[in-house]
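Structure first, then comments.
What follows is calculated from the coordinates using simple rules that are stated; it is not laboratory data. Bear in mind the structure is a predicted one, so any value in this text is a computation, not a measurement. Glycine gets a Cβ as well: all are built from the backbone with ideal geometry, and neighbour counts include every protein chain shown.
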Amino acid sequence: MSEKKEMTRRVLAEYTYEAPPVERGYTGQTLYVNLSDHTIDAKPVTDMMKEKFVGGRGFGLWRLWNGVNDDTKWDDPENEIVISSGPCGGTTQYAGSGKSLVVSISPLTDVVIDSNVGGHFGPLLKFAGWDALEIQGKAEKDVIVVIDGTTGRVTIEEAPDVPVDTHLIGQWLVEDMAEKEEDRYYMSAVSAGTGAEHTRMGCLNFSFYDRKRKAPRFKQAGRGGIGTVFRDKRVKALVVKSPPVKGDSNHPADQARIARVGAKLHREIRDYDDEQNQMRRGGTSYLVTIMSDYDLLPVHNFRFGSHPDAPKLGREVWKKRFTQGIPDGCWYGCTIACAHAVDGYTLRTGPYKGQTVIVDGPEYETIAGTGSNCGIFDPDAVLEINFYCDTYGIDTISFGTGTAFVMECYEAGVLDKEKTGGLELTFGNADASIELLHQMGRGEGFGKIAGQGIRRMKEYFVKEFGADPQFVQDIGMEAKGLEYSEYVTKESLAQQGGYGLTNKGPQHDEAWLIFMDQVSNLLPTFEDKAEALHYFPMFRTWFGLCGFCKLPWNDVVPPDNAETDEPAKIPEHVQNYVEIFSGVTGREVTKEDLVNMSETVYNLQRVFNIRLGHGRRDHDDIPYRSAGPVTAEEYESRAERYDSQLQEFLGLDPAGMSTEEKMAALREYREDQYEKLKDAVYARRGWTKDAVPKVETLKKLGIDFPDVVAVVEKYL
Amino acid sequence: MKVLSYDPELCVGCYVCEDVCSETWFKVADGEKSSIRIQEEEGKVLLSATFCNQCGTCIEVCPTEALYRDKRGIVRLRKKLCVGCLSCVGFCPYGAMFYHDDQAEPFKCIVCGKCATECPNEALAVIDVETPPQ
């Protein structure tokens, strides 16, 4: 039995409070913590905020908008990290009601990033007395922030013994911060890791205590490098402790309405998950083989959409690796229960080699990004990468897509062993990819360069290695500076827009239209696409205002869904959400209101991007690899499809054309299509041709505040 | 282990069992607060009864380990650990975990035997079984 080391903690600042009761999903106050001058304060949640911004991402954007200046950079002390769940966050009856949104200025994009995450922190923060947490400033030396809702105390503390890497923070949380087993239940930590210190693609880990495993588990706010901001501010961990969670902790207006739809959804999941996507057994891994079947799985840096080895990373493999029969929800009551883990995994590389750990995942994005996209089809390699990305605090999507880019550059001769310091980063070389990750953890070698992200790698490779700028631009799968998530959009104009016409960058959070468009052909015209690119981003944004996870919305569907008017919207589930929102807040809303709520937040975010110097039409440009074949090999792999498109849409005869001529013609056509899509979407959203929200749009949405209008007026 | 058993052939449809159960556990005679429900089924002469058969499926779905099997083999709920998520209500294969808006935690038959004692026609009995039913 090891003796517990006495942990030194030095309180730098303290704030005491009486946690207000939660009323209809709100505490009515947000917590402000400044790490530079040690201000800790409560800010009121106004009626205007609830009405216009609702919560979650809306509160995050509003606090950030008011907290930063026009020229604030991601590493200025003025940058903030804002964490907020939403009025429905913390509901236990309805699957997927514990999500939080994190907002900051991103080191990758230099504009606003919003990242959504499970785990317990957001809801427990609310039950500890706060609708949101706003962190500003920078600490002189590494600190932790502890928010104890049971004693009504917030502290900023120097705690030199507290580790940095997340799996060690988890151990510290349950062993050193909790006296008894029961104390662990209602505590959660936010942490990053050493990899977040040395890269721009740092993620945040949000913990939850797994009672069956008696161990901490982690979900990630992956995108945008918020973990990098976190470590730049010299925070090691945020810890929250709350009173016990109960079914009515949100003190809803009408509990019965929530219970009714909650129990109904549980039954639906009980009856249909097994025959639909098997989320409860295999999580999101079911997507791997389906995507490969539809030619949508990223392979070799998005060059191809399928691979015969895809089943090696498919659900049937992962079902055997995931411990079955554990309620793997990342918030109470989620019976989609997709937060699976591989138990008893022994690490074979790196600083923790030999340790037996729990691997949280992998999810589809991690499998496709660090696996197939890099030509790696070994589940153990994916597990090793998944674990170290989590503990180092590195986004698996940016790591995966970034490494795939590096590998294509290597195979194309842009990089070689000398340039990479000995790493043979060819497709399929898992050992090299893992070593690259460890270099990011240590802040050494080529890992430092790769950790800058694709946008800065392109500049570096052109400047230092004489790379062909057009080539790296075409194959570098980033837009706005953020790496693409893991779907091949080449044959879906709607999804090219779904990724390219976002506020934050190419993250599928906003729109996932591939099946509707490419498979079911439900969006034939520009207007159809524009309508979908209005509705779905707005509707999907709504989840992040309220504290909901999107997966229970569409990863299980009622048996009669296909017979409804608009099956892609899953109308019965949308009505469920109307019931819960009204049930919690007491605000009677209709289905149509949900999109209106989101439009306000979405437009504020667009204006925010413009305020920060971007956000206009050219900000929505996409790399050609996302829209068509860059290399002859890619063209030839789908020659029949592309040839027939040249005939059908351009009236050309492919027989008399060389591959290069055909590629050039197709490219001109597709790039023109995307520009036309921009026009249709901007018009639908009430923006100018330069993607600037018009004043009448801002007025309609009630955010024509003077400082908001001042930003857009310059461009109208 | 102990379970409740019901013989539809002996049931006269008096619903005394529902009253006795809800009175015992909720201090009110209300079928919606009973852990045994007697039902008519369309086109059928005999009534049917829904109550927990102690199969234990709910134990696995509970995220807080609030549900457990006690020394008598009966599945019980620790209210203190319950977060009111209703996963057990939704996942019970028999619809025998009940919920009422007046109380955050669900409830079920725990084989107290009161209904069997009060049934006027001996349609209910507490019996011993070897293992939990499938």
Query raised in the report: Taking the Cα-to-Cβ direction at A:GLU668 and at A:HIS251 and moving 7 Å from each Cα, how far apart do the two end points lie in nm?
Result: 6.7
Query raised in the report: Which of rounded, prolate, oblate describes the range A:126-260, given a ≥ b ≥ c as roots of the alpha-carbon gyration tensor eigenvalues and a/c under 1.5 marking rounded, otherwise prolate only if a/b is larger than b/c?
Result: prolate
**Report entry** Count of lysine pairs in the range A:416-490 with Cα separation under 22 Å (8 or more residues apart, or interchain)
**Finding:** 13
Report summary line: Tilt, helix B:16-26 to longest principal axis of chain B (alpha-carbon atoms), in degrees rounded to tens, equals 30
Query raised in the report: What ranking of A:LYS219, A:LYS458, B:LYS27 emerges when the number of other C-beta atoms within 10 Å of each C-beta is taken as an exposure proxy, fewest first?
Result: B:LYS27, A:LYS458, A:LYS219
Report summary line: Protection proxy (average C-beta count within 10 Å per residue), highest first, orders A:558-566, B:81-89, A:364-372 as A:364-372, B:81-89, A:558-566
Report summary line: Expressed in angstrom, Rg and Dmax over the Cα atoms of the range A:605-716 are 19.3, 60
Query - With 10 Å bins from 0: P(r) over the range B:2-128, alpha-carbon pairs, percent - result: 13, 44, 34, 8, 0
Report task. Note down the Stokes-Einstein diffusion coefficient of the range A:279-403 in µm²/s, whole number, using a Kirkwood radius over alpha carbon pairs, 20 °C, and 1.002 mPa s. Result -> 147
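Just add up the charged neighbours of B:VAL16: K/R +1, D/E -1, any other residue whose Cβ is under 14 Å from the Cβ of B:VAL16. It would help to have the intermediate numbers written out before the result.
Numbers: positive: B:ARG37, B:LYS114; negative: B:GLU18, B:ASP19, B:GLU23, B:ASP30, B:GLU118, B:GLU122.
That works out to -4.
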Query raised in the report: Just the Cα atoms of the range A:493-713: what Rg and Dmax do they give in Å?
Result: 19.8, 67
Report summary line: The answer for the net charge of residues other than A:TYR32 whose Cβ lies under 11 angstrom from its Cβ, with Lys and Arg +1 and Asp and Glu -1, is -1
Query raised in the report: Given charges of +1 on the Cβ of Lys and Arg and -1 on the Cβ of Asp and Glu, with all other atoms neutral, how large is the dipole of chain A about its Cα centre, in debye to the nearest 20?
Result: 1580
Query - Rounded to 5, the percent of DSSP beta bridges in the protein assembly as shown classed as antiparallel - result: 85
Report task. Could you work out the per residue convex hull volume over the alpha carbons of the range A:11-241, in cubic angstrom? Result -> 115
Query raised in the report: What FRET efficiency comes out for the pair A:LYS312/A:ASP565, r = Cβ-Cβ distance, R0 = 45 Å, nearest 0.05?
Result: 0.65
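As an exercise, find the ratio Rg/Rh for the protein assembly as shown from alpha-carbon atoms, using the Kirkwood inverse-distance average for Rh. Write down the numbers at each step before the final one.
Values: Rg = 27.7 Å, Rh = 28.1 Å.
So for the protein assembly as shown, dividing Rg by the Kirkwood Rh gives 0.99.
What FRET efficiency comes out for A:THR590 versus B:CYS55 if R0 is 30 angstrom and r is the Cβ-Cβ distance? Round to the nearest 0.05. Show your work: numbers first, answer last.
Numbers: r = 41 Å, r/R0 = 1.37.
Plugging the Cβ-Cβ distance into 1/(1 + (r/R0)^6) gives 0.15.
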Report task. Could you work out the Rg to Rh ratio of the range A:255-483, with Rh taken as the Kirkwood radius (inverse of the mean 1/r over all Cα pairs)? Result -> 1.03
Query raised in the report: More than 23 Å apart: what percent of Cα pairs in the range A:1-96 qualify?
Result: 43
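Holding the Cα-Cα limit at 23 Å, pick out from A:LYS99/A:LYS246; A:LYS591/A:LYS678; A:LYS126/A:LYS219; A:LYS312/A:LYS504; A:LYS320/B:LYS108; A:LYS141/A:LYS353 the pairs that are longer than that.
Listed pairs above 23 Å: A:LYS591/A:LYS678; A:LYS312/A:LYS504; A:LYS320/B:LYS108; A:LYS141/A:LYS353.
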Requested in this report: Would you please give the FRET efficiency between A:ASN521 and B:VAL28, computed as 1/(1 + (r/R0)^6) with r the Cβ-Cβ distance and R0 = 56 Å, to the nearest 0.05?
Outcome: 0.45
Query raised in the report: Which Cys in chain A stand alone, with every other cysteine's Cβ at 4.7 Å or more from theirs?
Result: A:CYS203, A:CYS330, A:CYS334, A:CYS338, A:CYS374, A:CYS389, A:CYS409, A:CYS549
